[in-house]
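Trainee: Structure incoming, see below.
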Amino acid sequence: MKKYIKNMIRLINYERDAEIDLMTREISSMSGIKREELGRAINKVKGKYLGKELGLQIVQFGRSDRIETEISVGDMVLISTDDPLRSDLTGTVTEKGARFIKVAFEKRIPKWALKKKVRLDLYANDVTFRRMEDNLNHLSLKGKNALEYILNDRNPKKNRPTPYIDYIDQSLNDSQKSAIENALSCENFYLIHGPFGTGKTRTLVELISQETRQNHKVLATAESNAAVDNILERLMENKKLKLTRLGHPQRVSKHNITQTLAYKVEKHELNSRIKKIHKKIDKLIEKRNVHTKPTPQFRRGYGDYDILYNASKGKGGRGISPDKMKSMAKWIEINQEIDEAHSEIKRIENKMIRNIIEESDVILATNSSSALEAISRVKFDVAIIDEASQATIPSVLIPIAKAHRFILAGDHKQLPPTIISEKAGALEKTLFEELIKRYSFKSQLLNVQYRMNSLLMKFPNKEFYNNSLKSDLSVDDIDINDLLGNDHDEEALLFIDTSNIEDNNEKHLKDSKSIVNILESEIAIGIANDYLNAGVSEDDIGIISPYADQVKIIQDKTPVEVKTVDGFQGREKEIIIISTVRSNEHGNIGFLSDLRRLNVAITRAKRKLIIIGNKDTLKNNPTYSRLIQFVEDENLLVKVKTEKIRNI
């Protein structure tokens, strides 16, 4: 156990160093203009102070030129005027507009940040890494138990008898009900395996509600803020539940802000006492300001006690007059009152937080935020963790360490955690994956998918899920023709093979390790435009490519959403166009060979999936070879012989 934990700490330090090194190297070696082109900086913006919101200082940075950036709400940014790496002013993005970006600060904003034109850089911080390391260094018994299951030092207990369940959501299918029943009756842990579109969130929401019916205190977490917000929004429909969302209020969706701890503290009945104390502090500061502050030059070696004593005797000393001594003593006395008032505020705040947490049925947070002081002494009956197959073991151990039992939900056939450091590659192995391999009897597959028609489901179902999934009747026959009108008759799946086109070669852009394929980008844009011209909404179309540079060159030429595979994880569109990019004579497909990426990419579409690729390059991989064989067998492959592609 000690050896394992020590190794985990070493791995997260490798990853922390790699993440910070990547960011600092890029900032130091790249101009602000270049970094803005990549979407990771905003130059020449002027700050305007907007006031306080939920205890945070809000500044709006803006300019007349349009702001195009990858920096998103919830991201941390570094503010600077010259060399960003010499600044320590960081804040959190709260809102984005076409020509402005709002940032929240926890501390006072220096004058230079409001007077000069500044630069904002996307910034990485190590708070999450520190929390993971601290949790591992002080791992609770429950946290150690979780590790013992994968170290073969402990066997899980059998489930208790399943209680009668009066389901709130009457539309749950049998596999969802089975998952809930087993999760409720488990003694130690349970795994909910939720592939694409199988209603994993709906299942978790019902499970959380049923746990609270048994008077269990629930900690519900996920790796991302978006997933936590998704669960919270669904839970808010149950008006009986008392919910509290931990974490930075500016990283929470606006719709959920009323459920945050910060909002509840601000609205708490005891907050009026804090406002009165703040007014008292302001008056005390005014009184203190008329007296002499005992700085070293005035103290001349006297401590606070000596000054107070001499003043009480009407004495001076060391060249200090009795009046000056008395004035310094008065400053010290008033300052002590101010300190006591601040301590009283802290006591009241702690009392408010305790009240709010105690009254809550469910505490929601990211895995990292569940390390916050507010719940450090709370004993939870169960931790329910979504996105468990995307979270590292040190990450999921934070909520697990706080609860008697834990439930993990995810899909290890989709993307693993994103790890930058080659040395930390072992962090890709998740607790979910390790447990489901060892104890498959402690898991339930959600086997009905509600996203795509049966043809689109056919290949991923066979390749990744042993044909265990089935389509719900509501989506079985949906297709693209429903959107395009009666005069269209398109199949749901199409593979566009570019192997017959000369000069269709992948290439690197200058100074980049990423790869682009210009021909494929033009095909993808042309198809997207055809659908837009046919009346399909741009919100219903998505373009996916595994390569960031390919995403960038397509993004610049179409209004539809274009992202990497990682950017589309957990999401869906009516129409998905995939540009595979790789086209070479050696059959080299690079990191396309991570088949979990393929699974995610081809399971985002609801009605139409179009894959663009060079058949001859891709088929060197066995899975891609089977995919190509599948589309050929279904007569869904089109060989392109000219670059002028329209109405495919």
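Trainee: Among (1) modelled with pLDDT under 95; (2) of a type in the set (D, E, K, R); (3) on the phi < 0 side of the Ramachandran plot, where does Glu463 come up short?
Mentor: Only one criterion is unmet by Glu463, namely (1).
Trainee: Name every residue in the range 591-608 that is within 23 Å of His412 (Cα to Cα) and touching a strand residue (DSSP E or B) at 6+ places or on another chain (Cβ under 8 Å), in order of residue number. Steps first, please.
Mentor: Taking the range 591-608 first, the residues within 23 Å of His412 (Cα to Cα) are 591-606.
Scanning the range 591-608 gives Ala601, Ile602, Arg604, Ala605, Lys606.
Trainee: Can I ask one more? I'm trying to understand the selection: among the residues of the range 116-144, which are out of contact with any Asp or Glu (no Cβ under 7 Å at 6 or more places or on another chain) and either in a strand (DSSP E or B) or without any contact (Cβ under 8 Å) to a residue 24 or more places away in the chain (or both)?
Mentor: Once the filter is applied, which keeps residues that are out of contact with any Asp or Glu (no Cβ under 7 Å at 6 or more places or on another chain) and either in a strand (DSSP E or B) or without any contact (Cβ under 8 Å) to a residue 24 or more places away in the chain (or both), the range 116-144 yields Lys117, Val118, Arg119, Leu120, Asp121, Arg130, His138, Leu141.
Trainee: Counting only residues that are farther than 24 Å from Ile398 by Cβ, hydrophobic (A, V, I, L, M, F, W, C) and surrounded by fewer than 19 Cβ atoms within 10 Å (Cβ to Cβ), how many does the range 107-137 have?
Mentor: At the first step, the residues of the range 107-137 found to be farther than 24 Å from Ile398 by Cβ are 107-122.
Adding the requirement that they be hydrophobic (A, V, I, L, M, F, W, C) leaves 109, 112-114, 118, 120, 122.
Narrowing further to those that are surrounded by fewer than 19 Cβ atoms within 10 Å (Cβ to Cβ): 109, 112, 114.
Matching residues across the range 107-137 total 3.
Trainee: Give me the pairs: first residue in the range 385-405 and open to solvent by 20 Å² or more (accessible area, probe 1.4 Å), second residue in a strand (DSSP E or B) and aliphatic (A, V, I, L, M), beta-carbon distance under 7 Å, and six or more apart or on different chains, which are they?
Mentor: What qualifies is Glu387/Ala222; Lys402/Leu219; Lys402/Ala383; His404/Val382.
Trainee: Considering only helices (runs of 4 or more DSSP H) fully contained in the range 266-325, which possess at least 3 residues that are within 20 Å of Glu337 (Cβ to Cβ) and hydrophobic (A, V, I, L, M, F, W, C)? Lay out the reasoning, then the answer.
Mentor: Values: elements: 271-289, 296-299, 304-312.
The helices (runs of 4 or more DSSP H) meeting that bar are 271-289, 304-312.
Here is a yes/no grid of residues against (1) of a type in the set (Phe, Trp, Tyr); (2) open to solvent by less than 20 Å² (accessible area, probe 1.4 Å); (3) under 29 Å from the mean Cα position of the chain (by Cα):
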| residue | (1), (2), (3) |
| --- | --- |
| Ala426 | no, no, yes |
| Pro460 | no, yes, yes |
| Leu469 | no, yes, yes |
| Asp479 | no, no, no |
| Ala492 | no, yes, no |
| His508 | no, no, no |
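Trainee: Okay, next question. Might you check whether a residue that is under 30 Å from Gln210 (Cβ atoms), open to solvent by 50 Å² or more (accessible area, probe 1.4 Å) and in a loop (DSSP other than H, G, I, E, B) occurs anywhere in the range 365-372?
Mentor: Kept after step one, since they are under 30 Å from Gln210 (Cβ atoms), are these residues of the range 365-372: 365-372.
Those still in the list that are open to solvent by 50 Å² or more (accessible area, probe 1.4 Å) too: 372.
Then drop every residue that is not in a loop (DSSP other than H, G, I, E, B), which leaves 372.
Within the range 365-372, one or more residues are under 30 Å from Gln210 (Cβ atoms), open to solvent by 50 Å² or more (accessible area, probe 1.4 Å) and in a loop (DSSP other than H, G, I, E, B).
Trainee: What's the number of the condition Met352 fails, among (1) open to solvent by 80 Å² or more (accessible area, probe 1.4 Å); (2) within 30 Å of Thr244 (Cβ to Cβ)?
Mentor: (1) is the only condition that Met352 fails.
Trainee: Next question. Inside the range 59-106, can you point out the residues that are among the hydrophobic types (A, V, I, L, M, F, W, C), open to solvent by 10 Å² or more (accessible area, probe 1.4 Å) and under 22 Å from the mean Cα position of the chain (by Cα)? If you could, list the steps in order and put the result at the bottom.
Mentor: Going through the range 59-106, the residues among the hydrophobic types (A, V, I, L, M, F, W, C) turn out to be 59, 61, 67, 71, 73, 76-79, 85, 89, 93, 98, 100-101, 103-105.
Checking the rest, the ones that are also open to solvent by 10 Å² or more (accessible area, probe 1.4 Å) come to 67, 73, 76, 85, 98, 100.
Across the range 59-106, the qualifying residues are Val73, Met76.
Trainee: Quick check: anything in the range 557-573 under 18 Å from Leu493 (Cα atoms), open to solvent by 50 Å² or more (accessible area, probe 1.4 Å) and in a loop (DSSP other than H, G, I, E, B)? Explain how you work it out, then say what you get.
Mentor: Taking the range 557-573 first, the residues under 18 Å from Leu493 (Cα atoms) are 572-573.
Subset that is open to solvent by 50 Å² or more (accessible area, probe 1.4 Å): 572.
Add one more test, that the residue is in a loop (DSSP other than H, G, I, E, B), and what stays is 572.
Yes, because at least one residue in the range 557-573 is under 18 Å from Leu493 (Cα atoms), open to solvent by 50 Å² or more (accessible area, probe 1.4 Å) and in a loop (DSSP other than H, G, I, E, B).
Trainee: Would you point out the residue of the range 148-172, among those that are open to solvent by less than 80 Å² (accessible area, probe 1.4 Å) and either assigned to a helix (DSSP H, G or I) or of a type in the set (Ser, Thr, Tyr) (or both), that is nearest to Ser209 (Cα to Cα)?
Mentor: Here the residue is Tyr167.
Trainee: Out of all the residues in the range 138-147, is one or more in contact with a strand residue (DSSP E or B) (Cβ under 8 Å, 6 or more places away or on another chain) and surrounded by fewer than 17 Cβ atoms within 10 Å (Cβ to Cβ)?
Mentor: If we filter the range 138-147 for residues that are in contact with a strand residue (DSSP E or B) (Cβ under 8 Å, 6 or more places away or on another chain), which is where we start, we get 142, 146.
Keeping just the survivors that are surrounded by fewer than 17 Cβ atoms within 10 Å (Cβ to Cβ) gives none.
The answer is no, given that none of the residues of the range 138-147 is in contact with a strand residue (DSSP E or B) (Cβ under 8 Å, 6 or more places away or on another chain) and surrounded by fewer than 17 Cβ atoms within 10 Å (Cβ to Cβ).
Trainee: Here's another thing I want to ask about it. Just to check your reading of the model, which residue among Arg25, Arg10, Arg16 is in contact (Cβ under 8 Å) with a residue 24 or more places away in the chain and not in a loop (DSSP other than H, G, I, E, B)? Steps first, answer last, please.
Mentor: Numbers: Arg25 fails: in contact (Cβ under 8 Å) with a residue 24 or more places away in the chain; Arg10 fails: in contact (Cβ under 8 Å) with a residue 24 or more places away in the chain.
It is Arg16.
Trainee: Please specify each residue of the range 11-47 satisfying the condition of being open to solvent by 30 Å² or more (accessible area, probe 1.4 Å) and over 23 Å from the mean Cα position of the chain (by Cα).
Mentor: Arg25, Ser28, Ser29, Met30, Ser31, Ile33, Lys34, Glu37, Lys44, Lys46 - these are the residues of the range 11-47 that are open to solvent by 30 Å² or more (accessible area, probe 1.4 Å) and over 23 Å from the mean Cα position of the chain (by Cα).
Trainee: Being under 18 Å from the mean Cα position of the chain (by Cα) and open to solvent by 10 Å² or more (accessible area, probe 1.4 Å), is that true of even one residue in the range 207-220? Let's see the steps before the verdict.
Mentor: If we filter the range 207-220 for residues that are under 18 Å from the mean Cα position of the chain (by Cα), which is where we start, we get 219-220.
Applying the additional criterion that residues be open to solvent by 10 Å² or more (accessible area, probe 1.4 Å) yields none.
No, the range 207-220 has no match at all.
The values are calculated or read from the model by the stated rules, or taken from the named source; none is laboratory data. Source: prediction; values computed, not measured. In this analysis, Cβ positions are derived from the backbone assuming ideal geometry, glycine residues included, and neighbour counts consider all displayed protein chains. Just the protein is used for accessible areas: all its heavy atoms, side chains included, with ligands, DNA and RNA removed. Shrake-Rupley method; radii C 1.70, N 1.55, O 1.52, S 1.80 Å.
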